[in-house]
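Report on one structure; see the data block that follows.
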Amino acid sequence: MALADPAPRTTSDDAVPEASRKASFGEYVRAYVALSKPRVIELLLITTIPVMFVAAGGVPPLWTAVYTLLFGTMSAASANAMNCYIDRDIDREMRRTRQRPGAMALVTPRGALVYGLILAIGSTVGFALLVNLLSAALSVFAIAFYIFVYTLLLKRRTAQNVVWGGIAGCMPVLIGWSAVTNSLDWAPFVLFLVVFFWTPPHTWTLAMRYKEDYAQAKVPMLPVVASDRRVLLECVLYSWATVVVSLLFWPVAGTTWFYGAVATALGALLIVQAHRLLQRSRAGVSGAQLKTMGFFHLSNAYLALLFVAVTVDPLLAGLLG
């Protein structure tokens, strides 16, 4: 991401800089889309769709899937927009976030808040009317947890912020299952734990790359308050936990050999790379030379491919059966 100077501060928090008033309609639309953090939403949908296939034992009902993805997108976008509203002050301090619409005053704080609230209400009503009440309740819980527990309570106070705050990012798994079955079971909770244990090493390796940003913004991410070796040791432990739980899904969900083989291969790759990072740190390598972003991108691929296997397995089971 290109560096950008912090947006100029105005005398009123809701005031709009002159450049923003002259923005075109298309620029406003792009600003609000960016406020929703579409890349984060993509990751959440990667975990929502596959679990619907498992819950349905094959292809889920078309309109249930469409409504779940639509209202799930709105739910995640609402939480992201309100997160940008709350964090606009620290977003201005960090290179990685200086170009967010709230930090650059392309969207007013009031606009961001109203946008987030409208999406939250719309997604909740949509889930309740067109999917089911359980999915609506889980969606509300995810939004509230992300805003009140992670953003307001944990993020600026503890190095364990992404560990427990990551619960919000695990909720799409439960929402996808409940949308199809109107109930919950052990299988989605196992996948919930996969995402839960996967989140810290994924986030911490990114935070190591932008450690100075978080320190500047006074956000106590683990890489800011602990040594590289300590962070990478925890990444190894969480990676092992991720892989062990992913293999537990095999007997719990009654998947075929296909899922088991894919989960084993992907898990071995993830663990090997986590150990390599730790070994490099113990050998004295530090800073950018550690190349933690390689693990960050690998962890993205790991989760995506694992959930592809989750999607394919019930289809394969249907063909073999």
Candidate set from region 282-295 (those that are open to solvent by less than 30 Å² (accessible area, probe 1.4 Å) and either closer than 20 Å to Thr242 by Cα or modelled with pLDDT of 95 or more (or both)); member that is nearest to the chain's Cα centre (by Cα): Phe295
From the list Leu305, Leu277, exactly one residue is of a type in the set (A, V, I, L, M), within 18 Å of Ser239 (Cα to Cα), open to solvent by 70 Å² or more (accessible area, probe 1.4 Å) and at pLDDT 95 or above. Which is it? Leu305
Test set (1) open to solvent by 50 Å² or more (accessible area, probe 1.4 Å); (2) in contact with a helix residue (DSSP H, G or I) (Cβ under 9 Å, 6 or more places away or on another chain); (3) more than 29 Å from Met208 (Cβ to Cβ) - Ser78 fails condition number: (1)
Quick check: anything in region 50-64 at pLDDT 95 or above, part of a helix (DSSP H, G or I), closer than 16 Å to Ala168 by Cα and in contact with a helix residue (DSSP H, G or I) (Cβ under 8 Å, 6 or more places away or on another chain)? no
Residues of region 90-120 being open to solvent by less than 40 Å² (accessible area, probe 1.4 Å), assigned to a loop (DSSP other than H, G, I, E, B) and of a type outside the set (Lys, Arg), which ones? Met94, Thr97, Pro101, Gly102, Ala103, Ala105, Val107, Thr108
Matching option when the condition is closer than 30 Å to Phe249 by Cα, open to solvent by 30 Å² or more (accessible area, probe 1.4 Å) and of a type in the set (Ser, Thr, Tyr), among Ser183, Ser123, Ser139: Ser183
For residues that are in contact with a Ser or Thr (Cβ under 7 Å, 6 or more places away or on another chain) and part of a helix (DSSP H, G or I), scanning just region 154-170, find the one that is farthest from His202 (Cα to Cα). Gly169
Condition broken by Gly72, with the remaining ones in (1) open to solvent by less than 20 Å² (accessible area, probe 1.4 Å); (2) under 19 Å from the mean Cα position of the chain (by Cα); (3) modelled with pLDDT of 95 or more satisfied: (1)
All but one of (1) β-branched (Val, Ile, Thr); (2) open to solvent by 70 Å² or more (accessible area, probe 1.4 Å); (3) within 16 Å of Leu290 (Cα to Cα) hold for Val244; state the number of the condition that does not hold. (3)
Among what's in region 212-233 and is among the charged types (D, E, K, R) and crowded, with 18+ Cβ neighbours inside 10 Å, pick the residue that is nearest to Val262 (Cα to Cα). Asp228
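The values are calculated or read from the model by the stated rules, or taken from the named source; none is laboratory data. This structure is a prediction, so every number in the text was calculated from the model and none was measured. All Cβ positions, glycine included, derive from the backbone under ideal geometry; neighbour counts span all protein chains shown. Just so you know, the surface numbers come from the protein's heavy atoms only, side chains and all, with ligands and any DNA or RNA stripped out. Shrake-Rupley method; radii C 1.70, N 1.55, O 1.52, S 1.80 Å.
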